[in-house]
Every structure is written in C-alpha cells, then in structure tokens.
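Everything below concerns the one structure shown next.
The values are calculated or read from the model by the stated rules, or taken from the named source; none is laboratory data. Worth saying up front: this structure is predicted, and the values here are computed from it rather than measured. Don't worry about glycine lacking a Cβ; one is built from the backbone with ideal geometry, like all the others, and counts go over all protein chains shown.
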Amino acid sequence: MTRKILVLPGDGIGPEIVAEAVKVLEKLVAEGVELELEFGLIGGAAYDAEGHPLPPGTLASARAADAVLLGAVGGPRYEQLDRALRPEQGLLGLRAELELFANLRPAILYPQLADASTLKPGVVAGLDIMIVRELTGGIYFGQPRGIRVLENGEKEGFNTLVYRESEIERIGRSAFEIARKRGKKLCSVDKANVLEVTELWRQVMTRLARDYPDVELSHMYVDNAAMQLVRAPKQFDVIVTTNMFGDILSDAAAMLTGSIGMLPSASLDANAKGMYEPIHGSAPDIAGRGVANPLATILSVAMMLRYTLGLPDQARRIETAVGTVLDRGLRTADIAAAGESAVGTSEMGDAVIAAL
Ligand code: NAD
C-alpha cells in the first residue's frame with residue numbers, strides 16, 4: 001500500500017533543509033518503499049501565496065496524508081501581522097486540527113559531538129532520552145483564561161490548568177508504548193504535591209502501569225526533574241509530562257546536546273499518524289545561504305519511518321548513516337568545533353545519501 005506524505009517546507013531555512021530530507025525519501029522510493037510525496041504551503045509562505053498561514057488546501061491534504069514532514073515557519077517579516085495570521089498559527093492549527101496530542105522529543109547526543117554540549121562530556125556522551133509531552137491540553141488551552149480588571153482597578157491575569165482522565169490516559173498509553181520499544185523505563189513528571197490536576201495525573205499513570213508490567217514506572221516532581229536532567233541526564237529513558245512542563249523540560253534536554261540542528265521531533269495522534277519536524281525554527285539569520293544543518297530534518301524522517309510507517313529497520317539505517325557521516329568528520333557550521341572547516345546543507349544531505 002502506497003503511503004502518502006505531505007511535505008511542508010515553510011519559511012526561512014525550511015525549504016533548504018526539507019530538500020535534503022526529501023532526497024532521503026526519494027532514495028527510499030527508488031529502492032522500492034511505496035511512498036507518495038505531495039508538497040504544500042504553510043506559515044509565512046502560505047500567507048504570501050494565499051493570505052492565510054494554514055490554507056484549506058493544506059489542511060485537506062494533511063488530513064488525507066499518513067504523515068506530514070514540516071521544515072519550519074516564521075520570520076521577522078511576519079511579526080507585525082494579526083496574531084491569527086502569523087505563521088506559528090499555521091503550525092498550531094495543524095496540531096489542533098489533526099489532534100496531534102503526543103509530542104515526542106528525543107534528546108540524543110551522538111558521541112562524536114560530545115564536545116558541543118556545555119556539560120562535561122562524561123555526563124552527556126551517549127545520551128538518549130525521549131520526552132513525551134502532552135501537546136493539545138493543559139494550561140495552554142484551558143478555559144477560562146484572560147486578563148481582567150478587578151474592582152479596585154488592578155489587573156489580574158489568569159489561566160486554567162485542566163486535564164480530563166481520558167486526556168491523561170491517552171498520553172500515558174503513548175508513553176508506555178514508546179518505553180516498551182526502548183529501555184522500558186518511564187518517568188512521569190508532575191507536581192502532585194501542589195497541583196490537584198497532577199495528583200490525578202499521577203493516579204492515572206499508576207493505574208495504567210498495571211497494563212504494562214514490562215515497563216518500570218517512576219514518578220518525579222518537575223522541580224527535581226529539572227535538576228536531575230542537568231545533574232545526571234542518563235538516568236532517564238522516557239519521560240512523560242504535561243504540556244507546559246514538557247515544553248520547558250524538552251528545551252532543557254535539547255540543550256544538553258548543544259546542537260539544536262541535530263534534534264528531530266514527532267507529534268502523533270491516537271492512530272500514530274504524525275507530523276514530523278526539526279525542533280529548531282526557521283533560522284532567518286542564516287536562511288538562503290545554504291549553511292543550515294539538515295540532519296534534524298533527516299532524523300525526523302527516521303522518526304516518521306519508525307512511528308508512523310512501521311519501518312524501524314529503515315529508520316535505523318538513516319540514523320546509522322548520520323552517525324557514519326559524523327564519524328567521517330563532516331560538520332555543518334553549527335556543529336563544527338572552532339577552526340574546523342564546515343560543509344554546506346546540500347553537501348551534508350548528499351553525504352547522508354552516500355552513507356545510506
Ligand atoms: P531558531 O531555532 O530559528 O534559531 C535559533 C538559532 O539556532 C539561530 O542562531 C539559528 O541560526 C540556529 N539554527 C537553528 N536551526 C539551525 C540549523 N538547522 N542549522 C544551523 N543553525 C540553526 O529560533 P529563533 O531564532 O528563536 O526563531 C526564528 C523564527 O523561527 C521565529 O519566527 C520563530 O517564531 C520561528 N520558530 C519556528 C518554529 C517551528 O517552526 N517549529 C520553532 C521555533 C521558532
């Protein structure tokens with residue numbers, strides 16, 4: 001059965017890095033993997049062409065596709081637009097419309113790049129953790145929210161942290177399933193000592209654990225988790241947490257690796273349909289110069305093969321090819337050590353193809 005992939009290059013370096021990931025997909029197609037690629041517009045590029053960051057045609061194609069590969073959106077040109085028309089709304093709209101509630105953010109440090117971290121190499125070399133963040137609920141979406149004026153004239157801002165059992169259960173099941181495919185250790189991060197919502201979170205995770213006896217579940221308060229991530233990050237295998245805690249912890253975890261251009265991500269729905277994208281943004285400072293690192297986007301393709309397309313061997317092949325290229329000493333500017341010479345975006349993509 002031919003699987004459909006919608007490719008959304010987006011803005012800034014998006015088209016440059018996505019072009020390299022597409023080369024990888026085309027190589028797989030040439031080898032007989034049945035994939036059909038369709039291209040579409042999102043973000044600023046969609047606003048320029050069609051007046052909206054998420055045009056109806058893009059949304060329809062995304063619904064029809066098995067997976068979406070996205071570059072990045074945004075740029076200074078669009079910052080003055082009404083909030084509803086800004087590029088980021090294209091991305092948020094797509095996540096919400098497709099109900100992509102499970103955000104998978106691996107933090108992997110290739111041993112070859114251990115010096116890129118600000119932490120001691122011994123603390124981070126070989127790091128391989130997966131943060132599973134709830135993406136469509138919690139305080140970022142809870143109602144009521146707003147800024148109101150009190151009787152005494154003072155303003156008060158308020159948001160609502162709310163999770164239903166069913167929302168906790170579905171993200172929990174995703175995380176247990178992922179832990180099962182990895183090191184079989186799951187740490188649920190909450191603030192159950194202070195927040196009732198996360199007391200419920202902890203209860204649901206504990207209940208779910210009975211269905212996954214092969215996975216070792218632990219619980220940690222978010223403040224301790226932040227500390228442990230910096231102190232001894234290799235103690236973690238899979239972390240599952242709420243939208244806001246995950247937002248913060250996954251950026252901290254990404255930075256442990258020191259190389260934003262290396263990290264992929266996935267956002268999945270209940271049927272493992274997903275959107276795959278690098279964690280970095282559109283990097284307007286280097287856009288159009290052919291120097292961006294395409295490896296995060298190429299590694300996003302590997303995640304797509306593993307989590308949506310059910311082709312783990314092909315996923316591993318791509319990850320191994322990236323390792324081979326790093327072993328050979330190829331570095332884009334963002335991961336090159338001082339004085340080391342750097343290759344461009346397409347040279348890096350070609351090297352991955354050759355290593356495949
Ligand atoms: P950014 O991630 O785009 O860039 C941060 C720094 O990292 C920059 O110096 C950039 O040059 C560098 N960088 C990022 N990706 C790189 C790569 N692949 N290779 C080499 N260097 C890379 O973050 P920012 O500067 O805060 O945001 C720029 C724009 O991107 C903004 O409009 C922002 O809203 C948007 N953004 C989009 C997404 C997304 O599409 N998912 C995520 C974050 C930010």
Looking at (1) within 19 Å of LEU109 (Cα to Cα); (2) in contact (Cβ under 8 Å) with a residue 40 or more places away in the chain; (3) crowded, with 18+ Cβ neighbours inside 10 Å, which one does VAL230 not meet, given that it meets all the others? (3)
Which numbered condition HIS280 misses (of (1) at pLDDT 95 or above; (2) under 13 Å from the mean Cα position of the chain (by Cα); (3) near the ligand (Cβ under 8 Å from one of its atoms)): (1)
Just to be sure, is ARG317 away from the ligand (no atom under 16 Å from the Cβ) and modelled with pLDDT under 95? no
Among strands (runs of 3 or more DSSP E) completely within the stretch 237-356, the ones holding 1 or more residues that are over 29 Å from PRO87 (Cβ atoms) are 238-241
If you check LEU305, LEU263, which single one turns out to be buried (at least 23 other Cβ atoms within 10 Å of the Cβ), within 14 Å of the ligand (Cβ to nearest atom) and either among the acidic types (Asp, Glu) or within 19 Å of LEU8 (Cα to Cα) (or both)? LEU263
In the stretch 1-22, which residue that is more than 14 Å from the ligand (Cβ to nearest atom) and surrounded by fewer than 19 Cβ atoms within 10 Å (Cβ to Cβ) is modelled with the lowest pLDDT? MET1
Go through (1) modelled with pLDDT under 95; (2) surrounded by 20 or more Cβ atoms within 10 Å (Cβ to Cβ) and name the single condition LEU104 misses. (1)
Before we move on, is TYR221 within 19 Å of LEU268 (Cβ to Cβ), touching a residue at least 12 places away in the same chain (Cβ under 8 Å) and among the hydroxyl-bearing types (Ser, Thr, Tyr)? no
Within the stretch 275-302, which residues are surrounded by fewer than 18 Cβ atoms within 10 Å (Cβ to Cβ) and among the charged types (D, E, K, R)? ASP285, ARG289
What residue, of ARG86, ARG63, is basic (Lys, Arg), modelled with pLDDT of 95 or more and surrounded by 18 or more Cβ atoms within 10 Å (Cβ to Cβ)? ARG86
Quick check: is even one residue across the stretch 212-227 modelled with pLDDT of 95 or more, buried (at least 19 other Cβ atoms within 10 Å of the Cβ), among the small types (Gly, Ala, Ser) and under 25 Å from the mean Cα position of the chain (by Cα)? yes
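Conditions tested, residue by residue: (1) free of Cβ contacts under 8 Å to residues at least 40 places away in the same chain; (2) more than 25 Å from ASP269 (Cα to Cα).
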residue: SER174; (1), (2): no, no
residue: ARG180; (1), (2): yes, no
residue: LYS185; (1), (2): no, no
residue: SER188; (1), (2): no, no
residue: ALA192; (1), (2): yes, yes
residue: GLU199; (1), (2): yes, no
residue: MET205; (1), (2): yes, no
residue: ALA209; (1), (2): yes, no
residue: TYR212; (1), (2): yes, no
For the stretch 136-155, check the following and say yes or no: at least one residue is within 16 Å of the ligand (Cβ to nearest atom) and closer than 27 Å to LEU25 by Cα. no
Contacts under 8 angstrom Cβ, first residue in the stretch 248-262 being under 15 Å from PHE236 (Cβ atoms) and assigned by TED's automatic domain parsing to the domain that holds LEU127, partner in a helix (DSSP H, G or I) and within 11 Å of the ligand (Cβ to nearest atom), 6 or more apart: ALA254/ILE260
Within the stretch 283-296, residues being near the ligand (Cβ under 6 Å from one of its atoms) and free of Cβ contacts under 8 Å to residues at least 24 places away in the same chain number 1
